[in-house]
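I have placed the structure first, in the form of structure tokens, so that the comments after it can refer back to it.
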Amino acid sequence: MYSLLPYNTFGIDVNADRFLEYTSVEELKKLIAQGAITTPFLHIGGGSNLLFTKDYDGLILHSRIEGIEVTEEDARSVSVRVGAGVVWDDFVAYCVEHGWYGAENLSLIPGEVGASAVQNIGAYGVEVKDLITAVETVNIQAEERVYSVDECGYTYRDSIFKRPENKSAFVTYVRFRLSKEEYYTLDYGTIRQELEKYPALTLPVVRKVIIGIRESKLPDPKVMGNAGSFFMNPIVSKEKLEALQQEYPHMPYYELANGRVKIPAGWMIDQCGWKGKALGPAAVHDKQALVLVNRGGAKGSDIIALSDAVRASVREKFGIDIHPEVNFIN
Ligand code: EPU
């Protein structure tokens, strides 16, 4: 029995039968050759996007492949190869320290580099797919395969690595390209407004502003268990949006390239009156309604009960189904 309490930011107190970590591709291949990777298994990253609903009757795998290595560099850009086990925000900090542009809006996102490429993490107008060039994997037959970014099938919070048939493609390294030429993505929310408090626009200042915005809205998992946004923002047709705007003229939305629109689920949940409300030991965060929190001692089923109630309210009020972004592990 192995406690998963330190391995899920929701702070759900469950156990796994077995737990294995590896620090290199060679070690992973050796584990496979020895038959140590038995089914069922679940490969986790930082555990910041998981909801365990009960004890896991199987093997939990975790990569501790470290390292940030420059593989190519010219005057305009730098290519780096980063171990799947590197803490995502350590990598962002490294980029900012080295004057590499592109990752700063993704500051302070919890989790690890390997999972960032599975989940296509995103925030403040940037998605990690914008920076990735390729993803290196090893599968359960110990075969190595490098996926170019185009082969990864990236869309909003999704990739081919989330498909059940790719469950055994373990990400070992992620390759990124960052810019050495100054550029920023500043048009989301209050970024520009916050930047006015600083005398100059620099990479460390943008990181600081992003961290400030996140800290003002998102709960620290060390203080209160949570997995960031619990739901995805639903994507609907323009017609659906226009119909809703008749009743809710101030409804926020983002236009997508394909003519559809993304509606912030947090806004809808807030409108339903759920912000700051609790159902037993689970609650809707009081500063960002898209986040569900563990008030202490919650079980997976408590979080699901709240999630179901929130989804039912949103469906009833707006006629839209919202879906969890967090992975439920049964
Ligand atoms: N809003 C409300 N009330 C709330 C929450 C939001 O009215 O309680 C409104 C805001 O005022 C704003 C809009 O909804 O008009 C969007 O809110 P916000 O900018 O906070 O972003 P979000 O859509 O709720 C997404 C990501 C976050 C990411 C932020 C910033 C998803 C599922 N979530 O949230 O990602 O940090 O944008 O880019 O796409 C995560 O994935 O875990 C995560 C935190």
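Numerical summary
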read-out: 222 nm mean residue ellipticity, helices alone, for the chain (DSSP H n ≥ 4; -39,500 (n - 2.57); rounded to 500); value: -7500 deg cm²/dmol
read-out: Span from the segment 279-330 Cα centroid across to the segment 10-68 one, whole angstrom; value: 26
read-out: For the chain: relative contact order, % (alpha-carbon pairs under 8 angstrom, 6 or more apart); value: 17
read-out: Bins of 5 Å from zero: percent of alpha-carbon pairs in segment 226-328; value: 2, 13, 25, 24, 16, 10, 6, 3, 0
read-out: Mean projected area (nm²) of the alpha-carbon convex hull when segment 68-179 is viewed from all directions; value: 6.6
read-out: Dipole in debye (nearest 20) - segment 226-328, about Cα centre, beta carbon charges: Lys, Arg +1; Asp, Glu -1; value: 180
read-out: Net charge, PRO281 excluded, C-beta distance under 9 Å - Lys, Arg +1, Asp, Glu -1; value: +1
read-out: Per residue accessible area in Å² of the chain, where ligands, DNA and RNA are left out and the probe is 1.4 Å; value: 47
read-out: Cα-based convex hull, segment 115-190, per residue volume (Å³, whole number); value: 92
read-out: Sum of side-chain charges, CYS272 neighbourhood, beta-carbon under 12 Å (Lys, Arg +1; Asp, Glu -1); value: +3
read-out: Test item: Cα-centred dipole of the chain, Lys/Arg +1 and Asp/Glu -1 on Cβ, debye; value: 760
read-out: Neighbour cut-off at most 10 other Cβ (10 Å), DSSP loop, trypsin sites (Lys or Arg not before Pro), segment 31-121; value: ARG76
read-out: Spherically averaged projected area in nm², based on the convex hull that wraps the Cα atoms of segment 2-63; value: 4.0
read-out: Part-to-part distance (alpha-carbon centres) for segment 150-182 and segment 110-145, which is given in Å; value: 3
read-out: Alpha carbon convex hull of segment 136-232, projected area averaged over orientations, nm²; value: 9.4
read-out: Cut-off under 5 Å, modelled amide H: who pairs with GLU112 long-range; value: GLY46, TRP88
read-out: Local electrostatic count, ASN15, Cβ distance below 12 Å [Lys/Arg +1, Asp/Glu -1]; value: -2
read-out: Solution diffusion estimate, µm²/s, Stokes-Einstein, the chain, Kirkwood Rh from C-alpha pairs, 25 °C, viscosity 0.890 mPa s; value: 117
read-out: Those GluC sites (Glu not before Pro) in segment 115-174 that DSSP places in a loop and that have at most 11 other beta carbons within 10 Å; value: GLU143
read-out: Sequence ranges 31-42, 227-238, ranked by mean other-Cβ count within 10 angstrom, highest first; value: 227-238, 31-42
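The values are calculated or read from the model by the stated rules, or taken from the named source; none is laboratory data. In this text, all values refer to a predicted model and were calculated from it rather than measured experimentally. Please note: Cβ atoms are built from the backbone with ideal geometry, for glycine as well, and neighbour counts cover all protein chains shown. Accessible surface areas use protein heavy atoms only, side chains included; no ligands, DNA or RNA. Shrake-Rupley method; radii C 1.70, N 1.55, O 1.52, S 1.80 Å.
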